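The structure under discussion appears below in the form of structure tokens.
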Amino acid sequence: MFKGWRIVALGLGLAACDGIEIYGTYDQYTHLTTDPIEIVMPPNAPYISEQFGRAGELNDTPHEGIDIWAKLGTPVIAAAPGRVSASFYEPGHGNTVIVEHGRDTNGQKVRTVYKHLKTRTASKGETVARGEQVGTMGATGALAMLVHLHFEVRRARTGNYYTPYDPMLFWVQGPGRVTCFEAGKTYADTPFQITYPVPCR
């Protein structure tokens, strides 16, 4: 397991423009639930540089998703099937795609959010399958110092206020068990479960 500041320093020195490829490891994970979650990271999964809930190096705002590193232009894929409710650019987070996944078994609306994309390949109103490309890895927006995907899982019981949840709770193989997407494999759509939003090698 790497420490985030070491990876950031390495990344700044080696890959400020094109991104960097590291596989099978993740930054320190601090569980936010009463029961600790053991992280199982596939050796072929791109590196997670920042976990959910940790305050950033430069501010005290809790991190509302996970950050995944890969090379500039690497495909970013839907973590679960759904409908694209938004595809837009905004100054802070750059190119962003939001995918709605309906309601979970608790009756809450669920969405996944993909930020800092170089390009958006999914448009508002489109239906996407699990593993279908929604964009490419980038560093757009003022909050992206390096090439990475900021990925979120959000839920809302009523209205349009979506609360961020730790993506580590929702993997197909169970909490903490990071699950790579495999083309041709059949996945259950309920309960809501995710696969990795960046292809594993």
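In segment 143-181, the residue that is farthest from P46 (Cα to Cα) out of those that are more than 17 Å from the chain's Cα centre (by Cα) and open to solvent by 50 Å² or more (accessible area, probe 1.4 Å) is T158.
Could you go through segment 9-24 and let me know if any residue there is among the aliphatic types (A, V, I, L, M), at pLDDT 85 or above and more than 25 Å from T186 (Cα to Cα). Yes, because at least one residue in segment 9-24 is among the aliphatic types (A, V, I, L, M), at pLDDT 85 or above and more than 25 Å from T186 (Cα to Cα). Of all residue pairs spaced 6 or more apart or on separate chains, those with beta-carbon atoms under 8 Å, a first member in segment 130-146 that is over 30 Å from G184 (Cα atoms) and a second member that is open to solvent by less than 20 Å² (accessible area, probe 1.4 Å) and aromatic (F, W, Y) are L146/W69. Restricting segment 123-142 to residues that are of a type in the set (G, A, S) and farther than 14 Å from V84 by Cα, the residue that is least open to solvent (accessible area, probe 1.4 Å) is G138. Which residue is nearest to T121 (Cα to Cα), if the candidates are limited to segment 67-91 and must be open to solvent by less than 20 Å² (accessible area, probe 1.4 Å) and assigned to a loop (DSSP other than H, G, I, E, B)? The qualifying residue nearest to T121 (Cα to Cα) is A78.
The strands (runs of 3 or more DSSP E) found wholly in segment 109-201 and carrying at least 1 residues that are at pLDDT below 95 and among the hydroxyl-bearing types (S, T, Y) occupy 163-165.
The values are calculated or read from the model by the stated rules, or taken from the named source; none is laboratory data. Nothing here was measured: the structure is a model prediction, and the numbers come from that model. Positions of Cβ are backbone-derived with ideal geometry, glycine not excepted, and every protein chain shown enters the neighbour counts. Just so you know, the surface numbers come from the protein's heavy atoms only, side chains and all, with ligands and any DNA or RNA stripped out. Shrake-Rupley method; radii C 1.70, N 1.55, O 1.52, S 1.80 Å.
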